[in-house]
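A.B. asks: Got a structure here, written out as structure tokens. Questions coming.
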Amino acid sequence: MAYRMVYLRIQCRRYDPAGTGDTDLTAFKVESRRLFQELGWTVHEGENSVCDTVTKDWQDLYLHPTSFSGVLDEANIPSLQEKLSSTQSFRCYAVDCYEEYLDMSDTEYRNILESKRGEIAAFILEQYRTKRTNLYITDSVAEYAAECFEIRRLCDKDGQNGTGKRFMFELVTQLLQEGRLVAAETDNGLGIRAATVKERRISSQPEEQVNGQITIMEQIEEAAPQVIELANELTQHPKQPDQGMQL
């Protein structure tokens, strides 16, 4: 069973996208609600100019009068398109299918990321590479890496990707602790860069062999809690997803 993000393109007879006042969606709402209820879907009526949403098992659709968008079982697309093409107040004239969504638990997702740890670490180090040792990256490479290696899942259709973000922040912390990344405070907050060969060599020596050389261990001890705190904030209090197109 395969699921995809789908846009069912809709032409609604009484919808005026120009907003000139010639819009009357009464018939559209009545007919679309009745149709999906007859097909066994649950209708969640929208409020304050937000469109209805319908759900069934892992499937969901946001019913805007120009497109019904959401995650659908691929096997159901042809029959649903046929139903939506024979309605009175609107019709479906095209279907666009996009990214696939998998039925995957957090543990399974984490295991896949673990299997790519070396590849992901190399990617993060490359993103943190700078031309000079006094230059630091203040953007969140961990979030960018989480986006690049994200697997879209049915249990995370809003795209918060908490499991992926936490893995990446933990990996950045590990790279700091290993001395492969260097952290410092900058005018724009905490900055991180890839360590030079000399810095990696120093960080790998036993403490008694450093002989007073400045190492990055104090920076690591200071930066790691900040990285972990940011990961906790992003995974426990993620940004709210968009509500979708409004009328």
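A.B. asks: With the requirement that a residue be in contact with a Leu (Cβ under 8 Å, 6 or more places away or on another chain) and either over 17 Å from Ile137 (Cβ atoms) or open to solvent by 40 Å² or more (accessible area, probe 1.4 Å) (or both), what does the range 167-194 give you?
C.D. replies: Passing the criteria: Phe167, Arg180.
A.B. asks: Let me ask something else about it. Could you grab me the full set of residues in the range 117-131 that are closer than 15 Å to Val172 by Cβ and part of a loop (DSSP other than H, G, I, E, B)?
C.D. replies: Tyr128, Arg129
A.B. asks: So, in the range 10-52, how many residues would count as being outside any helix (DSSP H, G or I), open to solvent by 40 Å² or more (accessible area, probe 1.4 Å) and either at pLDDT 95 or above or not β-branched (Val, Ile, Thr) (or both)?
C.D. replies: Count: 18.
A.B. asks: Exactly one condition in (1) open to solvent by 30 Å² or more (accessible area, probe 1.4 Å); (2) within 30 Å of Cys148 (Cβ to Cβ) is not met by Tyr62; state its number.
C.D. replies: (1)
A.B. asks: If the requirement is being of a type in the set (Val, Ile, Thr), outside any helix (DSSP H, G or I), at pLDDT 95 or above and in contact with a helix residue (DSSP H, G or I) (Cβ under 6 Å, 6 or more places away or on another chain), which of these qualifies: Val95, Val71? Steps first, please.
C.D. replies: Working: Val71 fails: in contact with a helix residue (DSSP H, G or I) (Cβ under 6 Å, 6 or more places away or on another chain).
Matching residue, one of Val95, Val71: Val95.
A.B. asks: Which ones in the range 56-68 are in a strand (DSSP E or B) and closer than 14 Å to Asp158 by Cα?
C.D. replies: Our first condition is that a residue be in a strand (DSSP E or B); within the range 56-68, this holds for 56, 59-64, 67-68.
Listed by number, the residues that qualify are Gln59, Asp60, Leu61, Tyr62.
A.B. asks: Regarding the range 132-144, can at least one residue be identified that is open to solvent by less than 40 Å² (accessible area, probe 1.4 Å), more than 19 Å from the chain's Cα centre (by Cα) and of a type outside the set (A, V, I, L, M)?
C.D. replies: No, because not a single residue in the range 132-144 is open to solvent by less than 40 Å² (accessible area, probe 1.4 Å), more than 19 Å from the chain's Cα centre (by Cα) and of a type outside the set (A, V, I, L, M).
A.B. asks: Name the pairs: first residue in the range 162-181 and at positive phi, second residue in a helix (DSSP H, G or I) and not hydroxyl-bearing (Ser, Thr, Tyr), Cβ to Cβ under 6 Å, at least 6 apart or on different chains?
C.D. replies: Sorted first by the residue in the range 162-181, then by its partner, the pairs are Gly179/Arg200.
A.B. asks: Okay, moving on. Determine which member of the set Tyr101, Tyr109, Tyr7 is over 30 Å from Phe167 (Cα atoms) and either open to solvent by less than 70 Å² (accessible area, probe 1.4 Å) or at pLDDT 95 or above (or both). Quick ask: steps written out before the conclusion?
C.D. replies: Details: Tyr101 fails: over 30 Å from Phe167 (Cα atoms); Tyr109 fails: over 30 Å from Phe167 (Cα atoms).
Among Tyr101, Tyr109, Tyr7, only Tyr7 is over 30 Å from Phe167 (Cα atoms) and either open to solvent by less than 70 Å² (accessible area, probe 1.4 Å) or at pLDDT 95 or above (or both).
The values are calculated or read from the model by the stated rules, or taken from the named source; none is laboratory data. This one's a predicted model, so the numbers in the text were calculated from it and none came from an experiment. In this analysis, Cβ positions are derived from the backbone assuming ideal geometry, glycine residues included, and neighbour counts consider all displayed protein chains. To get the accessible areas, we keep the full protein, side chains included, count just its heavy atoms, and leave off ligands, DNA and RNA. Shrake-Rupley method; radii C 1.70, N 1.55, O 1.52, S 1.80 Å.
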